[in-house]
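A.B. asks: Next up is a structure, given as structure tokens.
The numbers here are math on the coordinates, done by the rules we state, and not lab data. These numbers were taken from a predicted model, which means no experiment stands behind them. In this analysis, Cβ positions are derived from the backbone assuming ideal geometry, glycine residues included, and neighbour counts consider all displayed protein chains.
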Amino acid sequence: MRWRTMHLVLGALGLLLFVLTGQYMQHVANVPELADTARLQYRSLHLYLLGACAANVFVGFYMSPAAVLGKLRGLASVALILSQLMLAVSFFTEAPAGAMDRPIASFGLYFLFGAAAILVVAEVWNRFRAG
């Protein structure tokens, strides 16, 4: 599977998961009735998941279908995909636990930031080399 297709498919599935996690929070976990800390856990992870999924859709949409990724852009793609997967896992494992320490979510956010930073560096590098 090509990177572009992978980003689009995972991003679209993630957006569907975002809608489903919203329903889960409302009807199964009863998040509106939880204490402030627990409610914050669910809602923040819910929004982090949206950000990672949207980033995958954006990257997939703007990536050329025939694009050959350099090593930096390939690394950014892997980081972006891992970010979405880690944030989805965190929603279902760390939010119900209610702990303020969420290592899976933290690494998911680090990967999301890292992907963006790598893409910026790759673009600056390409423009610098082009003259």
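A.B. asks: In percent, how large is the relative contact order of the chain, given Cα pairs closer than 8 Å and 6 or more residues apart?
C.D. replies: On the way: 130 pairs, mean separation 38.4, N = 131.
It rounds to 29 percent for the chain.
A.B. asks: Using only C-alpha positions, report the orientation-averaged shadow area of the convex hull of the range 3-130, nm², one decimal. Can you show the working numbers first?
C.D. replies: Numbers: hull surface 31.8 nm².
Orientation-averaged projected area of the Cα hull: 8.0 nm².
A.B. asks: Going 7 Å from the Cα of TYR62 in the Cα-to-Cβ direction, what parts of the range 101-128 have a backbone nitrogen less than 14 Å from that spot?
C.D. replies: Under cut-off, by backbone N: 115-124.
A.B. asks: Taking the Cα centre of the range 1-105 as origin and charging only Cβ (+1 Lys, Arg; -1 Asp, Glu), how large is the dipole, in debye to the nearest 20?
C.D. replies: Working: 7 positive and 4 negative charges, 106 e Å.
In debye, rounded to 20, the range 1-105 gives about 500.
A.B. asks: Could you give the length gained on full extension between LEU34 and ARG2, defined as 0.36 nm per residue of separation minus the Cα-Cα distance, in nm?
C.D. replies: On the way: separation 32, 0.36 × 32 = 11.52 nm, distance 4.21 nm.
Contour length minus the Cα-Cα distance gives 7.3 nm.
A.B. asks: Using a Förster distance of 22 angstrom, determine the FRET efficiency expected from the C-beta separation of LEU15 and LYS71, and round it to 0.05. Display every interim value, and only then the final one.
C.D. replies: Numbers: r = 29 Å, r/R0 = 1.30.
The formula returns an efficiency of 0.15 here.
A.B. asks: What is the packing order of peptides 106-114, 24-32, 51-59, 83-91, taking the mean over residues of other C-beta atoms within 10 Å and listing the highest first?
C.D. replies: Numbers: 106-114: 18.0, 24-32: 13.3, 51-59: 20.2, 83-91: 22.8.
Result, highest mean first: 83-91, 51-59, 106-114, 24-32.
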